[in-house]
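Working notes, beginning with the structure itself.
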Amino acid sequence: MTTPPHGTAAGDDLQFDDPGALAAVVADAPRPLLIGLDIDGVLAPIVAHADDSELLDGVAAAVGRLANRPDVTVAAVSGRSLASIRSFGLPDGLELVGGHGMERSDRPTRPLDDEEAARLTELRRLADDAAAAAGDGAWVEQKSASVVLHVRQADRERGSRAIATLDEQCAAIEGAEQKHGSEVLELFARSASKGAAMATLGTEAGAATSVFVGDDVTDEEAFAALADFDIAIKVGSAATIAGHRLRDPAAVLAWLRALGDAL
Ligand SMILES: [Mg+2]
């Protein structure tokens, strides 16, 4: 990282970067630039139900302006399915990466093989049972190679117990992987990570500097894949290995706009 970490654990006396100053840091970095952006909690405020999520006003224009530059590649890198990402109305010119790197907007997704398909069927069954155990407000999201249990709107105690049980059950299934998020647990029939996705995008773009902006636990995999001279930006106050922090999606928007001006 180019600057010392700004606190590493939730509860520390956190310092947030000034969006304008952080834009200047990025603008001064060697180009081409790859800018990877998580969506939920970064470009779109977190809402109670993921289906109700929307981009913050002005985000589409700000990222579109960056993506139009010849020396900048902008990618939306999300755990959401590609179909779900497309519903946000992000501008043309962005690379869209869904399913934690499993799906790309510029190429077909490899279909599941028999073993993966059987694993997904089993994971879906377990997730449905877990949602029933968590009770009202819990729901299951189906993706092409994974399944997600959401408990944000469920009873807190029952929800966390259901997640813990599901986590154990998934760990016992050979070849399956799980990722914890904020009151969600995603079970994968095929391995994927935002870190691997960022590494691939960086190579393809010939990026001299990669920037990643994320708020959730799974975004730490992307931060970990960055080199020391790259720029990792955590949104919010949760624990992180990132060297920079922005407070919330409004600060991200201010940073995107300032970066557009600075470039
Ligand atoms: Mg997020």
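Any read-out appearing in this document is the output of simple, stated calculations on the displayed coordinates, not a laboratory observation. None of the values given here were measured: they were computed from a predicted structure. Methodologically, a virtual Cβ is constructed for each residue, glycine included, from the backbone with ideal geometry; neighbour enumeration extends over all protein chains shown.
Remarks
- Ellipticity at 222 nm from helices only: DSSP H runs of n ≥ 4 in the chain, each -39500 (n - 2.57), divided by the residue count, give -11000 deg cm²/dmol.
- Estimated translational diffusion coefficient (Stokes-Einstein, Kirkwood radius over Cα pairs, 37 °C, 0.692 mPa s) of the chain: 174 µm² per second.
- Applying 1/(1 + (r/R0)^6) with R0 = 22 Å to the Cβ-Cβ distance of LEU112 and ASP167 gives a FRET efficiency near 0.50.
- Each residue of region 156-162 was assigned a 3J(HN,Hα) from its phi angle through the Karplus curve 6.51 cos²θ - 1.76 cosθ + 1.60 (θ = phi - 60°); the sequence is 4, 5, 5, x, 5, 5, 5 Hz, with glycine and proline shown as x.
- Remark on VAL72: its backbone amide H falls under 5 Å from those of LEU33, a criterion applied only to residues 5 or more positions apart or on other chains, H modelled at 1.01 Å from N.
- Where GluC sites (Glu not before Pro) fall in DSSP loop in region 5-109, at most 13 other Cβ within 10 Å: GLU54
- The mean sequence distance of close C-alpha pairs (under 8 Å, at least 6 residues apart), as a share of the length of the chain, puts its relative contact order at 28 percent.
- Here's the picture: charge each Lys and Arg Cβ at +1 and each Asp and Glu Cβ at -1 in region 114-188, and of ALA133, ALA117, GLN169 the one pushed furthest to the positive end of that dipole is ALA133.
- Looking at region 169-263, the GluC sites (Glu not before Pro) that sit in a DSSP loop and have at most 13 other Cβ atoms within 10 Å of their own Cβ are GLU174.
- Using the Karplus relation 6.51 cos²θ - 1.76 cosθ + 1.60 with θ = phi - 60°, the per-residue 3J(HN,Hα) values for region 15-29 come to 10, 9, 5, 6, x, x, 5, 5, 5, 5, 4, 5, 5, 7, 6 Hz, with x marking Gly and Pro.
- A simple charge model with +1 on the Cβ of Lys and Arg, -1 on the Cβ of Asp and Glu and nothing else charged puts the dipole of region 114-215 at about 220 debye relative to its Cα centre.
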